[in-house]
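Enquirer: The structure that follows is given in the form of C-alpha cells.
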Amino acid sequence: MVLGKRLQDLREQAGLSFEQAGRALDVTHATIRRMEKAEVGLKIPYVEKLLMTYGVTSPEEISGFLALAREANRPGWWHSFRDVLPDWFSAFVSLEGEASIIRAYEPHYVPGLLQTPDYARATLRAGQPHAPAAEIDRLVTLRTERQALLSKEKAPLLWFVMDETVLRRPIGGRKVMREQIDRLIEATELPNVRLQIMPFAAGPHPAMYGPFHIFRFQLQEIPDIAYVESLVSGVYFDERDDVSAFLEALDRMCAQAAPARSTKAMLEGMRKDF
C-alpha cells in the first residue's frame, strides 16, 4: 500500500494519466490503478519501467524503491497457513500486524487476539461445523500465533468494546469460559490493551448492525481502514467518509459503554456465574 501510494504520487508529479502510464508498460489503465491501490503485486520490471517513466533517475532512490518492492512481495509469516486461510482474510492479518492502533466492536465473541486456544477452538467449530479436526487445529494455531503481536516491540494499542452478550453466552463449557475471562482479566493489566463492556442496561447503541475493526497506521501513506466480515467474505473500507462513519459510531460507543477502569471488576463478577 505504501509503495502504491508512492507510485501514485510520482505519477501525479510527472503529470501523467493512468492511460499514459499504462502505455509505458503496455498494460491497461486499470492495471496501473490496481498497482496504486495495492490490489496486485508489484512486478519488479514494471516498477523499474514506471520509475523511468516518472523521471526518477537517482540510482539510490531507484535502488531503495526496488528493495522495498521486493520486501513487499515477500510472503508474510501467515503464508504457511494458506491451506486454511481465505485470501480475503490474509489482508486482515497483514493489516493487523502493521497497525499501530486496532479498535473494534464485537457483539458475539471475544476478539481473536485475546482468545484462549480452547475458546478459539469452540468458536471455530461453531462457525465451521463440517471442517475436519486437523483444519480446526491449524486455524487455532494461526489465531494463537497472531497474538504474538501483543508482546512485540512497539506493540499496537488494542481498544476493544465488547457487548455484554459476549461474556454471558457460554462457549465451550464453564471451564473454557472461566479460563477465557481470566485471560481477559490479565489483558486489562497490559499497558497496550483497553477493554470496555457495553452492558445490556446501556440500551441501543450506534453499532447494533454488527462487528467491525478499524486499523490505524504510523505510516502516513496508509489511511485508516475499516473491516467488516460476513460468513463468506470480508470488506475493507479506506475512503475517508466511510471510515469516519465507523469511527464516529465507535467513539459514541466508547462514551456509552462502561469505562475501561471498571472492566476488571465487571469481569470478576461475571466469572462467578461460570
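Enquirer: Give me the percent of Cα-Cα pairs in the chain that sit more than 24 Å apart, rounded to a whole number.
Expert: Result for the distance tail: 57 percent.
Enquirer: While we're looking at this one, here's another question. GLU189 to GLU229: extension gain in nm, 0.36 nm per residue of separation minus the Cα-Cα distance?
Expert: 11.5 nm
Enquirer: So, one more: If I model a spin label as a point 7 Å beyond the Cα along the Cα-Cβ vector, how far apart are those points for LEU150 and GLU48 in nm?
Expert: That separation, rounded to one decimal, is 4.6 nm.
Enquirer: For VAL40, put the label point 7 Å out on the Cα→Cβ axis and report which residues of the stretch 49-69 keep their amide N under 11 Å from it.
Expert: No residues fall inside that zone.
Enquirer: Return the loop-located trypsin sites (Lys or Arg not before Pro) in the stretch 32-75 (DSSP other than H, G, I, E, B) with at most 15 other Cβ atoms within 10 Å of their own Cβ; answer none if there are none.
Expert: Within the stretch 32-75, the qualifying trypsin sites (Lys or Arg not before Pro) (loop, at most 15 other Cβ atoms within 10 Å) are LYS37, LYS43.
Enquirer: How about the stretch 1-61: which GluC sites (Glu not before Pro) there are in a DSSP loop, with at most 16 other Cβ atoms within 10 Å of their Cβ?
Expert: Listed in order of number, the matching sites are GLU39.
Enquirer: Which whole-number percentage describes the relative contact order of the stretch 70-222, with Cα contacts under 8 Å and a sequence gap of 6 or more?
Expert: 36 percent.
Enquirer: If you average the C-alpha positions of the stretch 88-129 and of the stretch 217-248 separately, how far apart do those two centres end up, in angstrom?
Expert: 16 Å
Enquirer: Would you mind getting the accessible area per residue of the stretch 124-233, heavy atoms of the protein chains only, 1.4 Å probe, in Å²?
Expert: That works out to 53 Å² for each residue.
Enquirer: Among the aspartates and glutamates, select those whose C-alpha is under 14 Å from the C-alpha of LYS154, and discard any that sit fewer than 8 residues away in the same chain.
Expert: GLU96, GLU98
Enquirer: Determine one quarter of the surface area of the Cα convex hull of the stretch 1-152, which equals its mean projected area, and express it in nm² to one decimal.
Expert: The orientation-averaged projected area of the Cα hull of the stretch 1-152 comes to 11.6 nm².
Enquirer: Same structure again: Can you pull the percent of Cα pairs in the stretch 199-241 with separation above 14 Å?
Expert: Above the 14 Å cut-off, the stretch 199-241 has 61 percent of its Cα pairs.
Enquirer: In whole Å, what are the extents of the stretch 173-228 along the principal axes defined by its C-alpha atoms, from largest to smallest?
Expert: Sorted largest first, the three principal extents are 45, 29, 19 Å.
Enquirer: If DNA, RNA and ligands are ignored and the probe is 1.4 Å, what is the ranking of ARG6, ARG74 by accessible area, most exposed first?
Expert: Result, largest first: ARG74, ARG6.
Enquirer: Starting from the stretch 111-199, pick out the GluC sites (Glu not before Pro) whose DSSP state is loop and whose Cβ has at most 16 other Cβ atoms within 10 Å. List each step's numbers first, then the result.
Expert: Details: sites: GLU135, GLU145, GLU153, GLU164, GLU179, GLU186, GLU189; in loops: GLU153, GLU189.
Sites meeting the loop and neighbour criteria: GLU153, GLU189.
Enquirer: Between Rg and the Kirkwood Rh of the stretch 143-274, both from Cα atoms, what is the Rg to Rh ratio?
Expert: 0.97
Enquirer: Related question: May I ask for the Kirkwood hydrodynamic radius of the stretch 47-135, worked out over all distinct Cα pairs and given in angstroms to one decimal?
Expert: About 16.9 Å, per the Kirkwood formula over Cα pairs.
The values are calculated or read from the model by the stated rules, or taken from the named source; none is laboratory data. Being a predicted model, the structure only gives us computed values, none of them experimental. Virtual Cβ from ideal backbone geometry, glycine too; neighbours counted across all protein chains shown. All accessible areas refer to the heavy atoms of the entire protein, side chains included, with ligands and DNA or RNA removed. Shrake-Rupley method; radii C 1.70, N 1.55, O 1.52, S 1.80 Å.
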